[in-house]
Each structure stands twice: as C-alpha cells, then as structure tokens.
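For reference, the structure discussed in these notes is given below.
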Amino acid sequence: MQINFESEKPIFIQLADWLSDSIISGAIKEGEQIPSTTEMSVQLKINPATALKGVNMLVDKGIIYKKRGLGMFVSDGAVEKLRKERQAEFFGEYIKKMLDEAAKLGLSKKDIIELIERG
C-alpha cells in the first residue's frame, strides 16, 4: 500500500479504504488478522495514532473487531457489509449523477443502456 501525502483525502481514510479494498478482494479474509497499527505505521511512515484512527473507522462499522491481547481481525460478514456500503456510495456518486444528466439531455433508458454497452 502507498499513501498519497498530496491527496486531499485524509491519510486515515486512505488507510481504511486500503483495508476495505483488501477485504473485498479477498487479500485479507474474514476471520483473518490484519497487520497491527504499529506495523502499518512503520511500513507507511505515518503516525501510529493516524493508523489507529483508520482502523477504528472499520471497527465502528463492524468490519474489524478487536481480540484483547491478540490484535484486530476481520469480522464474519465484513465482505457483504462493505459491498452493500460501496454499492450505496456507487449509486449516490455515479448512477444518480448520470441519471440526472441523462434527464437533462433527454436520454431514454434505452439510450443510456446503449451508451453503457458502448463503453
């Protein structure tokens, strides 16, 4: 993973997104331990508190859970939770905007489908 220090997106969110991507892709499986915040902070050259903040975002969503004295693990059902969350974000960020623009342009459902298939 690489952190983009020039990005407007906060570092802790970039870290949470990377962990989420790793879980969705299967690189980190449900029930599997994630790297410690210390390991991530050393590898990425970021403050451990920043790494913890990114991990805690996923803990708050129920994607990751803590086992006292053992570390952090991916929750059962995390992939499905993340997919549903991302689908909702995808609709809001892309589909809704596309449909609004299509309405302005007078495009029909058939027109939109043809454009998608052309892409």
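The values are calculated or read from the model by the stated rules, or taken from the named source; none is laboratory data. Remember, it's a predicted structure, so these values are computed and weren't measured experimentally. Note that each Cβ is placed from the backbone with ideal geometry, even for glycine, and that neighbours are counted across all protein chains shown.
General remarks:
- Members of the stretch 27-52 that are assigned to a loop (DSSP other than H, G, I, E, B), closer than 16 Å to I64 by Cα and touching a residue at least 24 places away in the same chain (Cβ under 8 Å): I28, K29, E30, G31, E32, I34, S36
- The one condition from (1) out of contact with any Gly (no Cβ under 8 Å at 6 or more places or on another chain); (2) part of a helix (DSSP H, G or I); (3) within 27 Å of A51 (Cβ to Cβ) that M72 does not meet is (2).
- V79 being touching a residue at least 24 places away in the same chain (Cβ under 8 Å), in contact with a Ser or Thr (Cβ under 7 Å, 6 or more places away or on another chain) and either in a helix (DSSP H, G or I) or over 28 Å from I116 (Cα atoms) (or both): no
- Checked against the criterion of being over 18 Å from S75 (Cβ atoms) and either at pLDDT below 95 or touching a Phe, Trp or Tyr at 6+ places or on another chain (Cβ under 6 Å) (or both), the candidates Q43, Q33 yield just one match: Q43.
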